[in-house]
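Presented below is the structure to which this report refers.
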Amino acid sequence: MAIPVELQKKGNPVFTRRYATVAALVVLAALQGCSSFDSTQEAYNAAWKNQKAGLIKQVLAPSGSLRVAVYRGSPTSFVQPDPKQPPRGVGYQLGEAFAKQLGVPFDPKVYPNNAEALHAVAMGQADFTFTNATPGRTREMDFSPPVMDVEKSVLVLANSRLRILDDLNKTGVRIGVSAGSSSATELKSLYPRAVYVPVDTLAHAVEMLRANRIDGFATNNAILFEMSDKLPGSRLLPGHWGVEHFAIGVPFGRAAAQDWVTDFVKNALAHGEVQAAIRRANVRGIVQAP
């Protein structure tokens, strides 16, 4: 009977606690008259598979439930226009599906903005999020393979003097960006003359646009279309100034279970779960959805 390589290190606590259980099952099978090597190996394989699944749960959901960090106002994360209706959002639905696969309770943690949701994952206060996998964020958490891409533009009111993205370089243009996001840094390199105003929540961004306290709001198009529904006559400037690459993020230190996350993404794409979540959340502005 082969002992897995990862259990062969001297003093490995996984061996002493987990492999002993597997060995006991094999001995029990032998005592019950199981003389077939194939049957013994099959019993071992099944027991080891169950033990490994238990270890994966401990790594990915150490609290006993999967704490999924989402934030309000984005169909890529969490939207609930009617409290009487179930929430929608790609991140919310993928988190729910991942918890089901792990066999643990789904525990959504709803934050007012993306910065707080990301902080919760980076600090290990949440186990799962769905966000733009920027180079900066890869220094704070581990990411799955890409799931979908969404273009970024600017939302303006119907009577705005801004017609194209290059108009952001006009004198005195005030562009709102999500506080704690990478949008301001990216935009400054493209449109250095604009004034960038951090906004704490997407609901507040809608209010500021309506009150003309900002001339436009910049983020991914999925959010901008959702905001536009609340501002009749508003429009997105044509073209795009960037693309967001969405993926699942988990706290550092859980690399041992990264294959499990990768397999989940591949299966969710292959079986249409991602596409179904996109349709249910009415995500617009996607340029790539495998």
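Read-outs throughout are calculated quantities, based only on the coordinates presented, and are distinct from any laboratory measurement. Please read these numbers as outputs of a predicted model, since none were measured by experiment. Every residue, glycine as well, gets a Cβ built from its backbone with ideal geometry; the counts of neighbours run over all protein chains shown.
Structure summary
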| read-out | value |
| --- | --- |
| Paramagnetic reach from T185 (point 7 Å along Cα→Cβ, amide N under 19 Å) across region 192-225 | 192-200, 218-220 |
| Whole-number percent relative contact order across region 151-243, with pairs defined as alpha carbons under 8 Å at least 6 apart | 48 percent |
| Region 206-290 shape via C-alpha gyration tensor axes, a/c threshold 1.5 | prolate |
| Stretchable slack from A115 to K230, in nm (0.36 nm times residue separation minus alpha-carbon distance) | 39.1 nm |
| Cα gyration tensor category, rounded, prolate or oblate, for region 151-243 with a/c compared to 1.5 | rounded |
| Cα-based shape type of region 131-287, given that a ≥ b ≥ c are square roots of the gyration tensor eigenvalues and the cut on a/c is 1.5 | prolate |
| Length-normalised contact order for region 84-144 - Cα pairs under 8 Å, 6+ apart - percent | 28 percent |
